[in-house]
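Novice: Encoded as structure tokens, here's the structure I'll be asking about.
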Amino acid sequence: MVAALLVVATFAVYGQVLGHEFVDYDDLQVIVWNENLRPTSPADSLARAFATTLNANWIPLTTLPLQLDRALWGTRAGPTLLANAALHAAASAVLFLALARLTRAP
């Protein structure tokens, strides 16, 4: 129940990103202009995600979901940001469930 409430609360706060645009902090460089997000095959996706860096950062677990976002929605900001919010909602629920199981105290 608490995990579900965390997911609902996350979407209540961050669900509004569907109408947002990318910000000119690093979104354009990391998401819009990043050539590593334009793979030609699944094998190419994995190779690019695990073999390349961006701004001297090795970020394969960031690159893989962004590659999927690019394949599904192109460079549209709203769906990409909403997918990111969904990942955060799932992470909060998994963290809660893990801590509840480890400590036996919700």
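Novice: For the stretch 1-43, give me the residue count where each residue is in contact with a Lys or Arg (Cβ under 9 Å, 6 or more places away or on another chain) and among the acidic types (Asp, Glu).
Specialist: Counting residues in the stretch 1-43 that are in contact with a Lys or Arg (Cβ under 9 Å, 6 or more places away or on another chain) and among the acidic types (Asp, Glu) gives 1.
Novice: Go through the stretch 14-28 and report how many residues are more than 14 Å from residue 76 (Cα to Cα), at pLDDT 90 or above and exposed (fewer than 15 other Cβ atoms within 10 Å of the Cβ).
Specialist: Residues flagged as more than 14 Å from residue 76 (Cα to Cα), at pLDDT 90 or above and exposed (fewer than 15 other Cβ atoms within 10 Å of the Cβ) within the stretch 14-28 amount to 1.
Novice: Now for a separate question. Which helices (runs of 4 or more DSSP H) sit wholly inside the stretch 1-85 and have at least 2 residues that are of a type in the set (Gly, Ala, Ser) and in contact with a helix residue (DSSP H, G or I) (Cβ under 8 Å, 6 or more places away or on another chain)?
Specialist: Fully inside the stretch 1-85 and qualifying: 2-14, 42-51.
Novice: Give the residue, chosen from 82, 37, 61, that is farther than 30 Å from residue 105 by Cα and loosely packed, with under 15 Cβ neighbours inside 10 Å.
Specialist: That would be 61, the only listed residue that is farther than 30 Å from residue 105 by Cα and loosely packed, with under 15 Cβ neighbours inside 10 Å.
The values are calculated or read from the model by the stated rules, or taken from the named source; none is laboratory data. All values reported here derive from a predicted model rather than from experimental measurement. Note that we place each Cβ from the backbone using ideal geometry, even for glycine, and neighbour counts take in every protein chain shown.
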